[in-house]
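The values are calculated or read from the model by the stated rules, or taken from the named source; none is laboratory data. In this text, all values refer to a predicted model and were calculated from it rather than measured experimentally. As a convention, Cβ positions derive from the backbone with ideal geometry for all residues, glycine included, and neighbour counts pool all protein chains shown.
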Amino acid sequence: MVRKISKVITCVTGDRVVVGQLELRHAQEHFLLPDDIFLELLERVLKDPKEVLVDSLKSPSEYWLFYRLENGRFLVAVIKVTKTGHYFASMYPTGKQIRNKHKKLKRLKL
């Protein structure tokens with residue numbers, strides 16, 4: 001299967017994140033924004049998160065990048081780490097605080 005790439009964004013961790021068209025469409029369902037505006041929002045989340053959490057500090061398989069909006073609510077972008085690179089998986093709103101399921105993850109210091 002050939003993946004169509006929408007954009008490649010360098011995130012705060014220094015990794016180049018590949019944003020595929022299918023994953024982009026899936027994430028856009030949570031926001032109902034046009035492609036260009038959504039990509040700008042995604043780039044802002046990846047480049048300037050308030051907090052970055054990982055499942056393992058030694059060999060992370062996923063990153064969760066949390067971004068605080070001006071109204072105090074959070075957005076989270078999920079990045080999958082594979083041997084072939086870093087891939088955007090999803091982005092969704094989490095409410096006024098980081099969800100409890102994310103609190104067991106480890107904080108990555110930047």
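A few notes on this one:
- Qualifying residue in the range 78-85 (condition: modelled with pLDDT under 95 and part of a loop (DSSP other than H, G, I, E, B)): yes
- Scanning the range 27-64 for residues that are in a helix (DSSP H, G or I), out of contact with any strand residue (DSSP E or B) (no Cβ under 6 Å at 6 or more places or on another chain) and of a type outside the set (A, V, I, L, M, F, W, C) returns GLN28, ASP35, ASP36, GLU40, ARG44, LYS47.
- Flag for HIS30 being in contact with a Pro (Cβ under 9 Å, 6 or more places away or on another chain), surrounded by fewer than 19 Cβ atoms within 10 Å (Cβ to Cβ) and closer than 20 Å to PHE74 by Cα: yes
- Selection count, the range 3-26, where residues are touching a strand residue (DSSP E or B) at 6+ places or on another chain (Cβ under 9 Å), free of Cβ contacts under 8 Å to residues at least 24 places away in the same chain, of a type outside the set (D, E, K, R) and outside any helix (DSSP H, G or I): 2
- Annotation: GLU23 fulfils all but one of (1) charged (D, E, K, R); (2) loosely packed, with under 14 Cβ neighbours inside 10 Å; (3) under 14 Å from TYR92 (Cβ atoms); the unmet one is (2).
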